[in-house]
Amino acid sequence: PLHLLHPYACAFPVVGRDDARADLDAWLARDAAVLARLLVAPAGVGKTRLALELCDRAAERGWDAGFVTAVELARFAAARNLG
């Protein structure tokens, strides 16, 4: 069934990407109150699936992790005077 290919189905394990995983794990281990990361790559290479796995690992470490909408990002920037 086609729905199994949707990245949110997590029907298949992430294969390879060892360098990216190691880099993201090191980033996740940083001592910071807030961390944000932008993953950029061509369409279809597994950014969403990799990010979903990263969110799971972050949650295991006690972080609140997920995807940020444009509205939430603007709200955060306004509240922190980052703009």
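The values are calculated or read from the model by the stated rules, or taken from the named source; none is laboratory data. If you're wondering where the values come from, they're calculated on a predicted model, not measured in any experiment. Here Cβ is always computed from backbone atoms with ideal geometry, including for glycine, and neighbour counts include all displayed protein chains. Only protein heavy atoms, including side chains, enter the accessible area calculation; ligands, DNA and RNA are left aside. Shrake-Rupley method; radii C 1.70, N 1.55, O 1.52, S 1.80 Å.
Where helices (runs of 4 or more DSSP H) fall entirely within segment 6-83, those with at least 2 residues that are modelled with pLDDT under 85 are at 70-80. Across segment 26-83, the qualifying residues are those that are more than 26 Å from G16 (Cβ to Cβ) and of a type in the set (S, T, N, Q), and the one among them that is most open to solvent (accessible area, probe 1.4 Å) is N81. Among residues of segment 61-82 that are small (G, A, S), those with a beta-carbon under 6 Å from a residue that is open to solvent by 80 Å² or more (accessible area, probe 1.4 Å) at least six positions away or on a different chain give the pairs A77/G83.
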